[in-house]
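**Student:** The structure under discussion is supplied below as structure tokens; questions concerning it will follow.
The numbers here are math on the coordinates, done by the rules we state, and not lab data. It should be emphasised that the depicted structure is a prediction, and the values quoted were computed from it without experimental measurement. Neighbour counts run over all protein chains shown; Cβ positions are idealised from the backbone, glycine included.
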Amino acid sequence: MKKTTSNLCLNSHLVEQKNHSEKVFSGELLHVYKDEATLPNASAGRREWIEHPGACAVVPVFSNGDCVLIQQFRYPVQQLFWEVPAGKIDPDEDPFSTASRELGEETGYCAEEWTYIGHFYPAVGYADEIIHIYLAEGLIQGEQNMDQDEFLSVYRVPFDEAISMIHSGEINDAKTIASIIRVDGFLNRKKKE
């Protein structure tokens with residue numbers, strides 16, 4: 001195992017080169033490609049991957065430390081999930097606009113203070129999706145304005161309880177886990193300053 005003390009470990013000898021790409025499916029949200037690539041050992045390989053427009057996840061936190069979670073049914077796995085408000089980035093929309101829009105649409109809240117926490121890639125083995133994480137504070141209640149095909153319930157949950165729900169497996173949505181954990185780290189660093 002190689003050790004590194006750097007935040008960036010560049011191993012250019014591991015890079016695969018795309019030679020040919022064919023779109024095999026084009027949907028409203030996702031596009032599927034089948035590519036031919038040259039692998040690091042110079043052999044040919046096939047790569048199937050999904051193009052995604054990207055998304056934003058918002059962790060809304062009240063001044064007392066409670067956060068907002070939603071619960072909704074996810075069709076592909078036929079289950080209800082606890083989640084943070086989130087949604088895809090629309091064409092010609094920047095991530096902050098998406099985050100602000102999704103918070104309002106899904107929860108009815110708007111926020112006076114926004115902090116960009118960072119981003120992550122939830123499915124690097126088969127998709128290029130990137131999810132941007134925002135912390136929303138100074139919450140002001142408004143009205144939900146959900147999409148016509150969107151059905152969810154909004155809950156106010158103590159932040160420590162949300163962390164416990166992650167560790168118990170009650171929250172098992174990847175974007176929610178990553179977002180809450182990253183915001184928790186940010187808030188803990190902020191307390192120490």
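**Student:** Consider only pairs whose beta carbons are under 6 Å apart and that are at least six residues apart or on different chains; among these, list those whose first residue lies in region 64-80 and is touching a residue at least 40 places away in the same chain (Cβ under 8 Å) and whose second residue is surrounded by fewer than 11 Cβ atoms within 10 Å (Cβ to Cβ) and of a type outside the set (D, E).
**Tutor:** Short answer, once both residue conditions are applied: Q71/S153.
**Student:** Exactly one condition in (1) within 17 Å of the chain's Cα centre (by Cα); (2) in a strand (DSSP E or B); (3) surrounded by fewer than 16 Cβ atoms within 10 Å (Cβ to Cβ) is false for D90; which is it?
**Tutor:** (2) is the only condition that D90 fails.
**Student:** Determine if region 164-178 includes at least one residue that is free of Cβ contacts under 8 Å to residues at least 24 places away in the same chain, of a type outside the set (G, A, S) and surrounded by 13 or more Cβ atoms within 10 Å (Cβ to Cβ).
**Tutor:** yes
**Student:** Please work out which residue is surrounded by the most Cβ atoms within 10 Å (Cβ to Cβ), limiting yourself to region 142-163 and to residues that are assigned to a helix (DSSP H, G or I) and touching a residue at least 24 places away in the same chain (Cβ under 8 Å).
**Tutor:** Filtering region 142-163 for residues that are assigned to a helix (DSSP H, G or I) and touching a residue at least 24 places away in the same chain (Cβ under 8 Å), the one surrounded by the most Cβ atoms within 10 Å (Cβ to Cβ) comes out as A162.
**Student:** Let me ask something else. Kindly indicate whether any position in region 93-107 is surrounded by 13 or more Cβ atoms within 10 Å (Cβ to Cβ), touching a helix residue (DSSP H, G or I) at 6+ places or on another chain (Cβ under 9 Å) and in contact (Cβ under 8 Å) with a residue 60 or more places away in the chain.
**Tutor:** no
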